[in-house]
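What follows is a set of notes on a single structure, which appears directly below.
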Amino acid sequence: MKTPSRRLLLAGVGASLLPFRRVQAAGLIATPQQTEGPFYPTSFPADMDNDLVQVRGQQAQAMGTVLHLEGRLLDLNGKPVDGALVEIWQCDAKGLYDHPRQPGRERRDSAFQGYGRMLVKADGHYSFRTLKPVAYAGRSPHIHFKVGTATGRSLTSQFYIAGDPGNELDGVFRGIRDPRQRELVEMKLVPAPGLEAGALATRMDIVVG
Ligand SMILES: [Fe+2]
């Protein structure tokens, strides 16, 4: 019996790696899941659009640095996910959530919406006008988010500020060990004077596995 040639053996190895290579070719790994935490709203605000800095019917704008957060919702093949709901929630500039479990809730900035949601566009695009997150006791700055797709897939996670020294001290952030997964939740903030004076912007694609 003839032994299989080296070329045939290599071809066999190549074939078995094909599905793996296809995922790698798109270069995408899923955004890591993170805890929802204790502050997901128990009741939704009257205004829950994607502008958290301005509450409908109020003159005042929220305290803090405005952050334009936008990106696309993608599957592992890089295809936009249509018809999905993206929600975000975070504390105000004083570190207070609008939540019954929040001590000092009555002192919170009532001009900050605290929670917002939007349906992604057909191209998977989402956008929020919100605040650069601040730290509070035990946590580095973060924005909570949750995605629910039309086909019933869901993802709950948190965005952090890239390079924030508090990240390495934050037990939730440190739960993500893979540096490539960390990159998917680390917001690189850039000044965006063209959008709005004094504002920052970041682009964060969310990959649903
Ligand atoms: Fe939080």
Starting from one equal scatterer on each C-alpha and no solvent at all, send me the Debye-based log10 I(q)/I(0) for the chain at q = 0.08, 0.12 Å⁻¹, two decimals.
-0.33, -0.64
Over the chain, what is the relative contact order in percent, taking alpha-carbon pairs closer than 8 angstrom and at least six residues apart?
28
Where does the chain land at 222 nm, in deg cm²/dmol rounded to the nearest 500, when only DSSP H runs of n ≥ 4 count, each adding -39500 (n - 2.57), divided by all residues?
-4000 deg cm²/dmol
Considering only DSSP beta bridges whose two residues both sit in the chain, what percent are antiparallel, to the nearest 5?
75
Could you point to the residue in A137, L169, Y126 farthest towards the positive end of segment 71-209's charge dipole, with +1 and -1 charges on the Cβ of Lys/Arg and Asp/Glu respectively?
A137
Between 0 and 90 degrees, rounded to the nearest ten: what's the tilt of helix 6-26 against the longest Cα principal axis of the chain?
10
Of all accessible heavy-atom area on segment 34-118, the percent that carbon and sulfur account for (1.4 Å)
48
Inter-centroid distance (Cα atoms) of segment 28-51 relative to segment 131-166, Å
8
When the chain is treated as a Gaussian network with springs between alpha carbons less than 10 Å apart, the largest mean-square fluctuation among T42, T65, T130 is found at T42
Probe radius 1.4 Å, ligands and nucleic acids ignored: give me the carbon and sulfur share of the accessible area of segment 149-209 as a rounded percent.
56
Report, in cubic angstrom per residue, the convex hull volume of the C-alpha atoms of segment 127-208.
114
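About the Cα centre, and with charges only on the beta carbon of Lys, Arg (+1) and Asp, Glu (-1), how big is the dipole of the chain? Nearest 20 debye, please.
Working: 26 positive and 21 negative charges, 211 e Å.
For the chain, the charge dipole is close to 1020 debye.
The values are calculated or read from the model by the stated rules, or taken from the named source; none is laboratory data. Note that this is a predicted model, so its numbers are computed, not measured. Because the Cβ atoms are built from the backbone with ideal geometry, glycine has one as well, and the counts that use them run over all protein chains shown. We work out accessible area using only protein heavy atoms, side chains counted, and drop any ligands, DNA or RNA first. Shrake-Rupley method; radii C 1.70, N 1.55, O 1.52, S 1.80 Å.
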